[in-house]
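Below is one structure, written out as structure tokens; comments come after it.
The values are calculated or read from the model by the stated rules, or taken from the named source; none is laboratory data. The shown structure was predicted, so the numbers you read here are calculated from the model rather than taken from an experiment. Glycine gets a Cβ as well: all are built from the backbone with ideal geometry, and neighbour counts include every protein chain shown. All accessible areas refer to the heavy atoms of the entire protein, side chains included, with ligands and DNA or RNA removed. Shrake-Rupley method; radii C 1.70, N 1.55, O 1.52, S 1.80 Å.
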Amino acid sequence: MKNKYQDIQNSKANIDPVNNWQGFQFSHPERTIRLGTSFSGIGAIEHSFHRLGLKCKIQFAGDIDENCKKAYFANYPISEERWHSDVHDFDATKYYGEVDLLVGGAPCQAFSLRGKHGGFDDTRGTLFREFARIVKECRPKVFIFENVKGMLSHDKGRTWQVIKKTFEDYCDYDVYYQVLNGKDYGMPQSRERLYCIGFREDTEFKYPSPIQLCKSVYDFLQGDFDTKYLLKQKGVNFITRSINHEKSYTQVNGDIMLCQKRNQQFNWHGDFVFHPKLKSDVSTPENDVYLYRVADYEEDYYIFHAPERYALIELTDSIAHMQKVAKKDIDVQYGRFRKFTPRECLRMMGFDDNFKIVVSDTETYKQAGNSIIVDVLMALLKQIDITKYGV
């Protein structure tokens with residue numbers, strides 16, 4: 001196979017300079033893509049097909065997390081015999097020649113810049129070998145392997161060279177790779193991930209070019225949400241500390257979301273919303289445990305980010321309703337803070353509201369944080385023209 005290795009510092013050379021993928025028309029939209037996934041999570045690639053209006057048949061899928069299985073089975077048509085829980089026990093040879101696209105992202109903690117840097121000494125770091133084995137066994141026409149950006153630089157690049165060589169020599173695929181950021185493909189979230197694409201046949205391929213970001217985080221917020229997501233004092237104390245803002249641990253009323261993590265909203269790291277007090281609101285910090293005086297905290301940069309958009313015009317014991325009001329109607333010196341809802345986190349990963357939430361908030365935050373951004377996959381499917389490989 002041709003060597004598609006590129007210097008990491010010059011990797012953008014493999015991005016298509018022509019911005020034409022947005023209006024791209026699939027060559028064979030009537031075809032069905034036979035899809036296989038491992039480390040499937042909540043089915044980002046499956047949801048990509050849904051949003052693109054393309055037909056796909058799930059040949060197999062699997063994840064060791066039982067809560068991911070619950071979410072997957074609630075949202076996609078699959079039978080028990082096509083599901084594998086432990087990838088080590090999965091035999092993909094029975095699907096030889098029956099998979100058009102294989103997608104997976106092995107657990108990446110061992111390769112994360114924020115992780116332990118265990119690499120091949122960490123058993124999680126060797127799970128990519130299971131993905132490579134599945135590639136070898138079922139021989140898909142195309143595969144997409146997603147992982148953290150840190151995989152490229154781990155162990156001075158030697159880790160990635162071993163992985164790439166495995167795909168090229170052991171699997172015998174034509175391999176391309178690129179780091180793509182969600183905010184460059186229509187989603188206001190700073191999430192850099194490595195996308196490695198392998199073609200069974202020699203293929204000339206360039207990654208889709210970045211597009212102008214037209215939406216902000218605000219566009220993905222719910223108008224109505226449960227008041228249980230409002231923060232009390234301990235949480236407010238943390239997210240309004242200057243040091244947490246400066247180190248990008250937290251962000252309030254940001255336009256571009258910090259990279260979602262699996263613990264998003266679980267320990268006050270991540271993105272939050274500040275709802276200013278209406279001047280007509282008679283609540284006070286003394287009679288409302290969710291209302292706070294901004295001057296009592298270190299950081300108040302968020303009160304300059306169009307806070308009138310976030311006003312709570314209705315607030316009951318269980319439901320809050322957010323709506324934009326005139327700037328003259330708010331008092332930015334007081335307000336309420338909240339974390340993102342699970343639905344908002346899913347929206348920020350590209351899952352529309354047709355996606356059913358069937359597990360706890362904690363598990364949904366984890367699933368969203370571990371997922372692949374759907375919009376990036378949609379761009380890749382267009383750039384590949386995945387329908388060429390369908391039946």
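Phi angles of the range 33-47 translate, via the Karplus equation with coefficients 6.51, -1.76, 1.60 and θ = phi - 60°, into HN-Hα couplings of 9, 7, 10, x, 9, 10, 6, 6, x, 9, x, 5, 6, 4, 5 Hz per residue; Gly and Pro are given as x. For the set CYS68, CYS259, the ranking by accessible area, highest first and with no ligand, DNA or RNA atoms included, is CYS259, CYS68 under a 1.4 Å probe.
Normalised by residue count, the chain yields a Cα convex hull volume of 145 Å³ per residue. Give the angle, between 0 and 90 degrees and rounded to the nearest 10, that separates the Cα long axis of helix 361-370 from the longest principal axis of the Cα atoms of the chain. Helix 361-370 and the main axis of the chain meet at about 50 degrees. Residues whose amide H comes within less than 5 Å of that of GLY270, counting only those at least five positions distant or on another chain, are THR250, GLN251 (H built at 1.01 Å from N in the peptide plane). Between the range 256-326 and the range 341-383, what is the separation of their alpha carbon centroids in Å? Taking the Cα centre of each part, the range 256-326 and the range 341-383 sit 23 Å apart.
To the nearest ten degrees, helix 374-384 and the longest principal axis of the Cα atoms of the chain are 30 degrees apart.
Residues considered: GLY254, GLY150, GLY223. Largest GNM mean-square fluctuation over the chain, using C-alpha springs under 10 Å, is found at GLY223. Our estimate of slack between ASP317 and VAL391, defined as 0.36 nm per intervening residue step minus the Cα-Cα distance, is 21.3 nm. Near GLY104: Cβ cut-off under 11 Å, other residues only, Lys/Arg at +1 and Asp/Glu at -1. The net charge is -3. Per-residue ellipticity at 222 nm from helix content only, as computed over the chain with -39500 (n - 2.57) for each DSSP H run of at least four residues, stands at -5500 deg cm²/dmol. The mean accessible area for residues of the chain, using a 1.4 Å probe and ignoring ligands and nucleic acids, is 44 Å² per residue.
Using a Gaussian network for the chain with springs between C-alpha atoms less than 10 Å apart, which of these wobbles most: ASN67, ASN253, ASN244? It is ASN244. Amide H contacts of VAL103: GLY36, THR37, SER38, ILE144, each under 5 Å away and 5 or more positions distant or on a separate chain (H built 1.01 Å from N in the peptide plane; Pro and chain starts excluded). Mean separation of Cα pairs under 8 Å and 6 or more residues apart, divided by the residue count, gives the chain a relative contact order of 20 percent. If R0 is 35 Å, the Cβ-Cβ spacing of THR32 and VAL282 corresponds to a FRET efficiency of close to 0.05.
Listed by chain and number, the lysines whose C-alpha is less than 30 Å from the C-alpha of LYS279, apart from same-chain residues fewer than 8 away, are LYS215, LYS228, LYS232, LYS234, LYS324, LYS327, LYS328, LYS339.
If I compute solvent accessible area with a 1.4 Å probe over the protein chains, what percent of it on the chain is carbon and sulfur? That share works out to 48 percent.
Computed from backbone phi with θ = phi - 60° and the Karplus coefficients 6.51, -1.76 and 1.60, the 3J(HN,Hα) list for the range 190-202 is 7, 9, 8, 9, 7, 10, 9, 10, x, 10, 5, 10, 4 Hz; x is used for glycine and proline.
Take PHE24, project a point 7 Å from its Cα along the Cβ direction, then tell me which residues of the range 361-378 have their backbone nitrogen under 20 Å from it. Correct set: 372-378.
Among GLN25, GLN59, GLN260, the largest mean-square fluctuation in a Gaussian network model of the chain, built with springs joining Cα atoms closer than 10 Å, belongs to GLN25. Compared with the dominant principal axis of the Cα atoms in the chain, helix 66-75 is inclined by about 90°.
Using the Cβ of GLN251 as centre and a radius below 15 Å, the other residues enclosed give a net charge of 0, where K and R count +1 and D and E count -1.
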